[in-house]
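Report on one structure; see the data block that follows.
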Amino acid sequence: MSIYILENLFLRVNIHPNGGMNVIEKESGTFWGEDPWRKSPGELILKDRATKQNLHFDLQRCLQIMFDEVGSNRLAIRFDSLVDDDKQSHREVSVEVLLALGEDAPELFITIKSVNYDPDRYEFDSLVYPLRFGSLVTDQDDGYLAIPFNQGALIPSSRFKVPLRDEWHQWDDLSWQVSGLAWGTEGAAGDLNMYGWNALSMPWYGNVKGNSAFIAVLETENDAKVNFLLNYNLQDDFNRTGSLSQYPRIAVFSPRWMATRGEFGYTRRMVLGFFSRGTHVEMAGYYRQIAERQGLVITLQEKLRRNPEIAKLFGAPMIQVDGGYPWYTDYQSMMYTWQDLRRFADDLHGNLGVKRAFLCTWGGYAKLPPESYPFHPEWGSEAQLKETVRHLLDLGYVYTTYHGYPANLPHAESFSPDEARMNSAGEIAGRWGGRCSATFLEYAQRDLPRSIAVTQQTADYTDMVTASGVLECYHPNHPLTRTQDRENRLALLNYINSLGLLTGSEVAQGYAIPAMDYSKGGMIVGLRYFLLQHIHAPLLNLVFHDCFVAYDGTVGTSRRKEYSNETLECLAYGIQPMFSFNFAHYAGVRSVIRETTALFSDFQKDVAMERLAHHEYLGGGFDVQHTRFASGDHVYVNTDTAPFDNGNGHVIPARGFIVERSNGKITKGAIQTSFRAVAD
């Protein structure tokens with residue numbers, strides 16, 4: 001049987017008799033191949049309802065593959081009567097996909113039209129399609145993967161031209177195995193959730209090979225994951241048979257289309273966009289256009305018209321004062337009073353010179369979350385609280401209290417199995433994020449207006465809402481699909497907006513950008529995937545920097561990362577600093593706040609509404625980065641312990657930065673530490 005060809009001015013797509021495909025990007029001549037291991041177009045997984053075992057189907061193993069040209073440059077493929085791994089044929093099991101080439105653009109649209117099976121015998125688990133398309137062969141292809149793992153991560157497929165400073169051998173060792181190194185973190189293979197903690201902030205990934213690149217955008221992303229192989233060859237599987245893997249090491253992402261409450265549910269869609277010359281910057285620009293069409297791009301300029309208070313966030317560090325909440329309401333060593341908060345603000349403003357700040361109190365309530373009223377009498381009266389907040393606002397600060405509607409704490413009076421999120425086995429979720437999103441709005445509508453009436457606060461912080469991802473619930477009283485869960489989370493954020501408050505949550509997520517003015521967790525959150533934490537790229541901010549204010553604690557003290565290398569990256573990426581501490585440790589925090597704010601605040605205020613236009617690594621390694629904002633302002637950061645000459649007449653200090661303003665003004669700084677004897 002001959003191959004089928006879809007072709008336009010930009011691309012040639014070859015579809016083979018087994019249903020697999022490769023793509024030639026014409027201008028550069030770059031070849032993007034099919035699965036290099038098994039030539040498989042995809043893999044279907046069904047779960048047997050009786051045995052609870054998974055059945056795996058390689059799509060090329062079927063009794064018949066049918067091709068139907070349904071229009072110009074449109075080809076339907078039906079994989080019929082699939083055969084499982086035990087070589088048993090299932091005549092009722094089939095998969096139908098549609099490939100459609102863009103008329104006047106280097107784009108390939110992929111639609112999963114149907115997955116057919118006997119629903120009385122099987123549940124749909126997932127479909128990986130296209131499988132391992134566009135793989136980079138490790139140490140042969142000179143390129144990298146890009147993925148918005150939180151802010152963003154890069155995975156080179158070739159050996160480092162300049163070795164990583166931070167123990168490159170750990171990087172290499174973990175790319176050979178799934179887990180077992182780096183203290184329990186997962187390694188070179190797995191699935192990334194869409195949205196949440198240890199997850200993707202946007203529904204896309206991309207590959208760069210030489211000067212060419214492609215991006216894959218999952219348009220129906222709620223019920224999807226991204227499968228990854230990070231320079232891996234399945235050796236762990238071959239270890240079980242005492243043999244060496246027959247596969248080459250590869251770096252690749254593949255979409256995994258997940259079940260909707262055990263069913264295939266609906267048509268799935270994605271698009272591959274190709275670049276003759278491109279990097280992760282062009283990928284972000286491509287996705288920005290899709291996000292605009294989907295209504296996700298609402299700029300800070302537009303949001304200002306709705307709420308002028310947003311401008312007070314620009315260049316303002318987020319300062320979280322820990323009072324033991326939401327873990328406890330009565331942790332005496334952390335509790336403070338409203339008068340203590342006032343004295344702290346006066347010190348911050350008068351002695352440290354911090355003229356802009358966003359203060360968030362983690363404490364002050366008499367009840368544990370999700371309840372957030374009444375206030376705790378030991379902190380002071382409601383009149384004292386109102387007076388303190390008024391003083392903070394008079395200083396020009398923004399103030400918010402903490403809210404945590406997704407919590408379901410076993411030691412709280414409000415603990416409720418009936419309100420918990422439940423999985424398909426009937427098990428309820430644990431403490432943080434364990435309450436079903438069907439309940440969030442009810443708690444907010446009951447308590448938030450009462451809290452505002454007392455404090456007169458102008459902002460709101462709601463913990464966990466965007467950190468929890470989008471989730472299913474099987475509780476019989478409030479069952480939810482992931483799409484419905486996402487709608488509930490957005491409904492909560494939009495309700496808070498309707499009260500005239502600045503709105504934000506815990507982890508920056510692209511889907512929630514229209515409903516949020518700011519977000520914590522703007523960098524990398526979670527420690528699960530070692531290889532994705534290492535080489536950062538501002539993918540989220542290349543798309544959305546001008547749409548919200550991103551904060552991260554890498555400049556703070558919550559994880560003992562003050563003066564870290566990520567401090568410099570936050571400056572380059574346009575991520576504003578966040579400090580977290582309790583008053584017992586405030587004396588040691590003061591200098592961190594003073595120094596960081598003095599260096600970063602004015603610049604970050606000026607570029608807050610600008611698009612982040614460019615990012616690159618310099619010098620052949622991953623120590624020196626350069627970003628450019630749409631305003632024409634440049635930032636260079638150097639995380640090495642030796643200076644770097646950027647070739648433009650500037651030497652970037654060791655562990656330092658250069659900010660080159662569009663007006664010609666240059667600011668230079670560096671992290672300097674020393675170890676010395678001190679007199680008694």
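The values are calculated or read from the model by the stated rules, or taken from the named source; none is laboratory data. This one's a predicted model, so the numbers in the text were calculated from it and none came from an experiment. We place every Cβ from the backbone using ideal geometry, glycine too, and count neighbours over all the protein chains shown. Protein only, heavy atoms only, side chains kept; ligands, DNA and RNA dropped before computing areas. Shrake-Rupley method; radii C 1.70, N 1.55, O 1.52, S 1.80 Å.
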Practice task
Would you be able to tell me the number of residues in segment 60-80 that are more than 16 Å from Pro17 (Cα to Cα), among the polar types (S, T, N, Q) and either exposed (fewer than 13 other Cβ atoms within 10 Å of the Cβ) or touching a Cys at 6+ places or on another chain (Cβ under 8 Å) (or both)?
Solution key: 1
Problem - Meets criteria (assigned to a strand (DSSP E or B), at pLDDT 95 or above and in contact with a Ser or Thr (Cβ under 8 Å, 6 or more places away or on another chain)) for Thr503 - result: yes
Problem - Criterion violated by Ser498 - all others in (1) within 17 Å of Pro406 (Cα to Cα); (2) of a type in the set (Gly, Ala, Ser); (3) without any contact (Cβ under 8 Å) to a residue 40 or more places away in the chain satisfied - result: (1)
Problem - Cross-chain or 6+ apart pairs with Cβ under 7 Å, segment 608-623 first and within 14 Å of Asn646 (Cα to Cα), then of a type in the set (Asp, Glu) and surrounded by fewer than 21 Cβ atoms within 10 Å (Cβ to Cβ) - result: Asp623/Asp640
Practice task
Scan segment 192-200 and give yes if some residue there is outside any loop (DSSP other than H, G, I, E, B), among the small types (Gly, Ala, Ser) and either in contact with a Cys (Cβ under 6 Å, 6 or more places away or on another chain) or open to solvent by less than 10 Å² (accessible area, probe 1.4 Å) (or both), otherwise no.
Solution key: yes
Handout entry: Residues within segment 392-426 that are touching a residue at least 12 places away in the same chain (Cβ under 8 Å), open to solvent by 60 Å² or more (accessible area, probe 1.4 Å) and part of a helix (DSSP H, G or I), tallied
Key = 1
Handout entry: Test result for Gly273, surrounded by 17 or more Cβ atoms within 10 Å (Cβ to Cβ), assigned to a strand (DSSP E or B), of a type in the set (Gly, Ala, Ser) and at pLDDT 95 or above
Key = yes
Problem - Residue count for segment 82-113, restricted to those that are of a type in the set (Gly, Ala, Ser) and surrounded by fewer than 16 Cβ atoms within 10 Å (Cβ to Cβ) - result: 2
Exercise for the section: Mind counting the residues in segment 353-379 that are part of a loop (DSSP other than H, G, I, E, B) and either hydrophobic (A, V, I, L, M, F, W, C) or buried (at least 21 other Cβ atoms within 10 Å of the Cβ) (or both)? Expected result: 10
Exercise for the section: Using the structure shown, decide if Arg49 is without any contact (Cβ under 8 Å) to a residue 40 or more places away in the chain and open to solvent by 10 Å² or more (accessible area, probe 1.4 Å). Expected result: no
Exercise for the section: Taking Ser333 as meeting all but one of (1) farther than 22 Å from Leu448 by Cα; (2) assigned to a helix (DSSP H, G or I), write down the number of the exception. Expected result: (2)
Exercise for the section: Can you tell me which residue within segment 142-191, out of those that are at pLDDT 90 or above and of a type in the set (D, E, K, R), is most open to solvent (accessible area, probe 1.4 Å)? Expected result: Arg159
Handout entry: Residue list for segment 452-479, filter: of a type in the set (Ser, Thr, Tyr), under 22 Å from the mean Cα position of the chain (by Cα) and open to solvent by 10 Å² or more (accessible area, probe 1.4 Å)
Key = Ser468
Completion exercise
The strands (runs of 3 or more DSSP E) lying entirely within segment 625-671 that contain at least 1 residues which are free of Cβ contacts under 8 Å to residues at least 40 places away in the same chain and over 25 Å from the mean Cα position of the chain (by Cα) are 656-660, 666-670
Problem - Of all residues making up segment 316-347, the number that are in contact with a Lys or Arg (Cβ under 8 Å, 6 or more places away or on another chain) and among the β-branched types (Val, Ile, Thr) - result: 1
Exercise for the section: Please state which one of Leu531, Leu527 is of a type in the set (A, V, I, L, M, F, W, C), crowded, with 22+ Cβ neighbours inside 10 Å and under 21 Å from the mean Cα position of the chain (by Cα). Expected result: Leu531
Fill in the blank from the handout: From the option list Gly19, Gly33, Gly42, Gly29, single residue qualifying as of a type outside the set (Lys, Arg), open to solvent by 40 Å² or more (accessible area, probe 1.4 Å) and out of contact with any helix residue (DSSP H, G or I) (no Cβ under 9 Å at 6 or more places or on another chain) is Gly29
Fill in the blank from the handout: Taking segment 201-212 and keeping residues assigned to a strand (DSSP E or B), under 18 Å from the mean Cα position of the chain (by Cα) and hydrophobic (A, V, I, L, M, F, W, C) leaves Trp204
Practice task
For Gly295, state whether it is outside any strand (DSSP E or B), in contact (Cβ under 8 Å) with a residue 12 or more places away in the chain, open to solvent by 30 Å² or more (accessible area, probe 1.4 Å) and within 20 Å of Ile513 (Cβ to Cβ).
Solution key: yes
Problem - Gly504 open to solvent by less than 10 Å² (accessible area, probe 1.4 Å), touching a strand residue (DSSP E or B) at 6+ places or on another chain (Cβ under 8 Å), without any contact (Cβ under 8 Å) to a residue 40 or more places away in the chain and not β-branched (Val, Ile, Thr) - result: no
Problem - Selected residue (criterion: farthest from Ile112 (Cα to Cα)) from residues of segment 213-239 that are of a type in the set (Asp, Glu) and assigned to a helix (DSSP H, G or I) - result: Asp236
Exercise for the section: Give the residues of segment 508-549 that are of a type outside the set (A, V, I, L, M) and assigned to a helix (DSSP H, G or I), sorted by residue number. Expected result: Gly510, Tyr511, Pro514, Phe530, Asn541, Phe544, His545, Asp546, Cys547
Fill in the blank from the handout: Those residues of segment 490-500 which are open to solvent by 20 Å² or more (accessible area, probe 1.4 Å) and either assigned to a loop (DSSP other than H, G, I, E, B) or closer than 9 Å to Val465 by Cβ (or both) amount to Leu499, Gly500
